[in-house]
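Take a look at the structure below.
The values are calculated or read from the model by the stated rules, or taken from the named source; none is laboratory data. Since this is a predicted model, take the numbers as computed values, not measurements. All Cβ positions, glycine included, derive from the backbone under ideal geometry; neighbour counts span all protein chains shown.
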Amino acid sequence: MDSSLAELNQKLDALTTQVAYLSEQARLGERARRDRAELMRDLTPVANEAFRLTVEQLEEVQEYVDLRDLLRLVKRVLRNGRNIEKLLDQLESLSDLAGTVGPLADDVFAKAVDVMSALDEKGLFAFARRALRAADQELDRPVDGSLGGLLGQMRDPAVRRGLAMMMGILRVIGVQASDTEITTTKTAV
């Protein structure tokens with residue numbers, strides 16, 4: 001009889017363990033059900049408001065949008081998913097490039113501003129404005145392009161000074177071109 005009592009106690013212990021497990025599962029299930037119900041209570045007003053706003057916004061564009069157009073657009077987006085992904089990759093690369101080039105562009109811009117300031121201090125821009133005004137005035141006058149007319153203009157001191165300045169500028173350009181050719185030749189070798 002002791003063995004059957006021990007066996008009965010083992011079965012009773014196993015049954016007690018199973019009932020405790022089932023009770024715990026029922027408690028957890030009830031808690032999950034209450035949490036879901038609370039979540040639904042919280043989300044329902046938000047979902048209703050989102051739905052209301054969506055309907056309101058769609059009513060505003062209703063006359064401009066046809067459902068077939070919208071479906072065609074969705075199909076097109078789905079068909080071109082890879083292309084859109086490639087485009088986004090290119091945009092990311094462009095953004096990275098802009099991040100890299102940005103500081104360099106800032107340096108170039110600062111250098112250009114410095115050069116322009118130096119040229120302005122030397123009076124180049126004022127000279128260019130005066131030269132353009134003078135050229136405009138000359139364009140309004142009849143031009144004597146004959147050899148005698150040109151030689152006559154050579155007697156004018158202002159013309160001689162202008163030609164001398166132009167020759168000086170051409171000399172500087174020639175020297176720089178020569179230096180560039182030498183540098184290019186050395187680099188190519």
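Taking the range 1-55 as the search range and keeping residues that are among the small types (Gly, Ala, Ser) and modelled with pLDDT under 90, which one is farthest from Val65 (Cα to Cα)? The selected residue is Ser3. So for the range 122-144 (the condition being more than 30 Å from Leu73 (Cα to Cα), surrounded by 10 or more Cβ atoms within 10 Å (Cβ to Cβ) and either in contact with a Lys or Arg (Cβ under 6 Å, 6 or more places away or on another chain) or of a type in the set (Val, Ile, Thr) (or both)), does at least one residue qualify? So far as the range 122-144 goes, yes, one or more of its residues are more than 30 Å from Leu73 (Cα to Cα), surrounded by 10 or more Cβ atoms within 10 Å (Cβ to Cβ) and either in contact with a Lys or Arg (Cβ under 6 Å, 6 or more places away or on another chain) or of a type in the set (Val, Ile, Thr) (or both). I'd like the full set of residues that are within 32 Å of the chain's Cα centre (by Cα) and either part of a helix (DSSP H, G or I) or touching a residue at least 24 places away in the same chain (Cβ under 8 Å) (or both), limited to the range 43-64. Selection gives Ala50, Leu53, Thr54, Gln57, Leu58, Glu60, Val61. For the range 65-95, residues that are assigned to a helix (DSSP H, G or I), of a type in the set (S, T, N, Q) and under 30 Å from Val55 (Cα atoms) total 0. For the range 160-179, give me each residue that is over 42 Å from the mean Cα position of the chain (by Cα) and among the small types (Gly, Ala, Ser). Matches in the range 160-179: Gly162, Ala164, Gly168.
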